[in-house]
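First comes the structure, then the notes that go with it.
The values are calculated or read from the model by the stated rules, or taken from the named source; none is laboratory data. These figures come from a predicted structure and were not determined experimentally. Methodologically, a virtual Cβ is constructed for each residue, glycine included, from the backbone with ideal geometry; neighbour enumeration extends over all protein chains shown.
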Amino acid sequence: MRILLTNDDGIYSPGIYALYKKLKSLGPCTVVAPDAERSAQGHAITLSVPLRVNEARREGKFFGYAVSGTPADCVKIALMSIMKKGRPDLIISGVNRGPNLGINVLYSGTVSGATEGAILGVPSFAVSLASFKWHNFESALDVSYKLAKMILKKQLPSDTLLNVNVPALPKLKIKGIKITRQGRSTFYKESYDRREDPNKRVYYWLSSQRIEVKGDDDIDAVAVRDGYISVTPLHYDMTNYEDFSRLETWGKKLL
C-alpha cells in the first residue's frame, strides 16, 4: 500500500509528522506538502509562477518534498511527477490544527488536498483536530489509521472524499464516531478591523470569534461539539439537484 500525505499547515507541522510515524507501518508513505503554512487557500492552484520543490528533513533524516504552492498543487505534482511511477493507493491530508466544519470546508486547504486526490481518482480523506491549542493527536491518529485500512479494504464511492474532524478531548472522553452531513453555518463570526500603519496608510485585518453551534445531531459541527468524531462524505459536484427542475423553466424564459 502506497500512501501520500499532504496538509495545509506546512511540511514542518507536528500533525503531518505524527501522521507519518503512525501510518508508515501500513506501507511506504510519501510526504508532499507546502513549504510553509497555506491555511484558507481553498482549492487554489499555481499558474503564474513556477513551483519549487525541495527535499525536507526532520530529525536529520529525509522526510519529504516541500512545495512552494498550495495543498492542491502538492497533490497534483505528487501524482503527475514525484510519484509518477508509483501512484498512491490512498491520500490523507492532515492532521490539521483547527476544525474544518460547515461551509469552512470551501476555504480549507486541508480539505482541498483530499478533494484534489478524489478528482484525480485516488481514495482520499482529510483529518482535522478541532482545536488550535490542543496538541494531543492520539485520537486523530487512531481514527486515521483505522480509516485508512478500511478504505483500502472497502473502497470509497467514486468522486467521494471524507472530511474527518476530531474533538479536542482525551481519547477516553470521545463518545464515538458519527457519519455526519456538512452544516450550513460558519463556525466563526467574522469582521474586519480597520487599522493604520506608522505611515498612516489604512489596512484591514480579518478577525473571528467562535460562535455557538446549533442544529441537528447529524451535523458535523454539532457532533464534534457533543464529543463525537465527525466523518462527512463530500463530493465536488456542487450542482443543487433539488432546484434543477425549477430552474430549467427559467432557462426557457431567458431565450
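Residues are listed down the side, and each one gets a yes or a no for (1) of a type outside the set (A, V, I, L, M); (2) farther than 24 Å from residue 228 by Cβ; (3) outside any helix (DSSP H, G or I):
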site	(1), (2), (3)
169	no, no, yes
172	no, no, no
177	no, no, yes
183	yes, no, yes
192	yes, yes, yes
200	yes, yes, yes
204	yes, yes, yes
207	yes, yes, yes
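Conditions tested, residue by residue: (1) within 21 Å of residue 23 (Cα to Cα); (2) of a type in the set (Ser, Thr, Tyr); (3) at pLDDT 95 or above.
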{"position": "47", "(1), (2), (3)": "no, no, yes"}
{"position": "52", "(1), (2), (3)": "no, no, yes"}
{"position": "55", "(1), (2), (3)": "yes, no, yes"}
{"position": "106", "(1), (2), (3)": "no, no, no"}
{"position": "115", "(1), (2), (3)": "yes, yes, yes"}
{"position": "139", "(1), (2), (3)": "yes, yes, yes"}
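With respect to the conditions (1) in contact with a Phe, Trp or Tyr (Cβ under 9 Å, 6 or more places away or on another chain); (2) under 22 Å from residue 1 (Cα atoms), residue 168 falls short on a single one, namely (2).
Residue-level check: of (1) basic (Lys, Arg); (2) in contact with a strand residue (DSSP E or B) (Cβ under 7 Å, 6 or more places away or on another chain); (3) surrounded by 10 or more Cβ atoms within 10 Å (Cβ to Cβ), residue 210 misses just (3). crowded, with 24+ Cβ neighbours inside 10 Å, touching a Cys at 6+ places or on another chain (Cβ under 8 Å) and either hydrophobic (A, V, I, L, M, F, W, C) or part of a helix (DSSP H, G or I) (or both) - does that describe any residue in the stretch 113-130? Yes: the stretch 113-130 contains one or more residues that are crowded, with 24+ Cβ neighbours inside 10 Å, touching a Cys at 6+ places or on another chain (Cβ under 8 Å) and either hydrophobic (A, V, I, L, M, F, W, C) or part of a helix (DSSP H, G or I) (or both).
Residues in the stretch 237-249: is at least one modelled with pLDDT under 95 and either in a strand (DSSP E or B) or surrounded by 11 or more Cβ atoms within 10 Å (Cβ to Cβ) (or both)? Within the stretch 237-249, not a single residue is modelled with pLDDT under 95 and either in a strand (DSSP E or B) or surrounded by 11 or more Cβ atoms within 10 Å (Cβ to Cβ) (or both).
Within the stretch 73-104, the set of residues being over 19 Å from residue 17 (Cα atoms) and either among the small types (Gly, Ala, Ser) or assigned to a loop (DSSP other than H, G, I, E, B) (or both) comprises 81, 83, 84, 85, 86, 87, 89, 100, 101, 102.
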